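I have placed the structure first, in the form of structure tokens, so that the comments after it can refer back to it.
The values are calculated or read from the model by the stated rules, or taken from the named source; none is laboratory data. Note that this is a predicted model, so its numbers are computed, not measured. As a convention, Cβ positions derive from the backbone with ideal geometry for all residues, glycine included, and neighbour counts pool all protein chains shown. Surface accessibility is based on the protein's heavy atoms, side chains included, excluding ligands, DNA and RNA. Shrake-Rupley method; radii C 1.70, N 1.55, O 1.52, S 1.80 Å.
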Amino acid sequence: MSGGWWREADDSDSSISSGSGGGPAGTGGGEERARPAGGEARERARPAGWVPLNDPPEAGPPPAPAPGAEAPAEGAASCWSCREPVPAGEPLCPSCGSGRAHVVLVCAEPALELARGPGRPLNLGRDPDWAPCTAAAFSGLPKLSRRHATVTVEPDGGAWVEEAVPGSRNHTFVNGAQVVPGVRTPLRDGDELRLGLRVVAFSVRLYGPR
């Protein structure tokens, strides 16, 4: 079975409403890719041979290439960032230089799917200059801050969320526990990240460098 990279569509903008309470939690970037996730949250198909952090491998065939697209060579897969073929065993995409480590955030309402690797942070909010990936989708949600929270990814595949001091409107939550402003809080595969307890929710998927 060949190793796989995540396949992403072109950029666009797109959470699950409802929530649960919780108290403060303690401590614990690449180009974004967004696409509509449909009317409800969907489990993302995992690339063949890929091992998400904190998640056992799953067997299954690799995704079929898009109509008219050239299939990757034997032993290769598609880069999660630029979708170009990446030879098996290559740590970096030869086309865009992206590594395999990345985080995927999937939101159902509004429909939004975001991917980000190490490097530039992924900003979440309504400010079109500061958070261009989410500003349009969140423009009708005044309960969210213009600069609500930031997600960063490390080269080893670890991911973190942080609120700037003094904090965001209606706060940020990981699995129901409130994030402390100014404190980096870790994100793990399968976590639920909420902007406002009952406003917007993302499911978190993490993929490591191997």
- line: Calc'd 3J(HN,Hα), region 157-170, phi into Karplus 6.51 cos²θ - 1.76 cosθ + 1.60 (θ = phi - 60°), Hz, glycine/Pro = x, comes to x, x, 10, 9, 10, 8, 9, 6, 5, x, x, 9, 4, 6
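What accessible area per residue comes out for region 104-210, rounded to a whole number of Å², with a 1.4 Å probe? Could the numbers behind the result be given before it?
On the way: 4110 Å² over 107 residues.
Counting only protein heavy atoms, the per-residue value for region 104-210 is 38 Å².
When the accessible area of region 118-209 is split by element with a 1.4 Å probe, what percent falls to carbon and sulfur? Don't skip to the end; give the middle numbers.
Values: 1930 of 3720 Å².
C and S atoms contribute 52 percent here.
Could you tell me which of rounded, prolate or oblate describes region 152-206, using a ≥ b ≥ c as the square roots of the eigenvalues of the alpha-carbon gyration tensor, with rounded for a/c under 1.5 and, failing that, prolate when a/b is larger than b/c and oblate otherwise?
On the way: a/c = 2.49, a/b = 1.30, b/c = 1.92.
Verdict is oblate for region 152-206.
Please report the net charge: other residues with Cβ closer than 10 Å to the Cβ of Val174, K and R +1, D and E -1.
Details: positive: Arg188, Arg194; negative: Asp191, Glu192.
Surrounding charge for Val174 is 0.
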statement: In region 97-170, the GluC sites (Glu not before Pro) that sit in a DSSP loop and have at most 12 other Cβ atoms within 10 Å of their own Cβ are none
field: Among 96-108, 78-90, the order from most to least packed when residues are scored by Cβ within 10 Å on average
entry: 96-108, 78-90
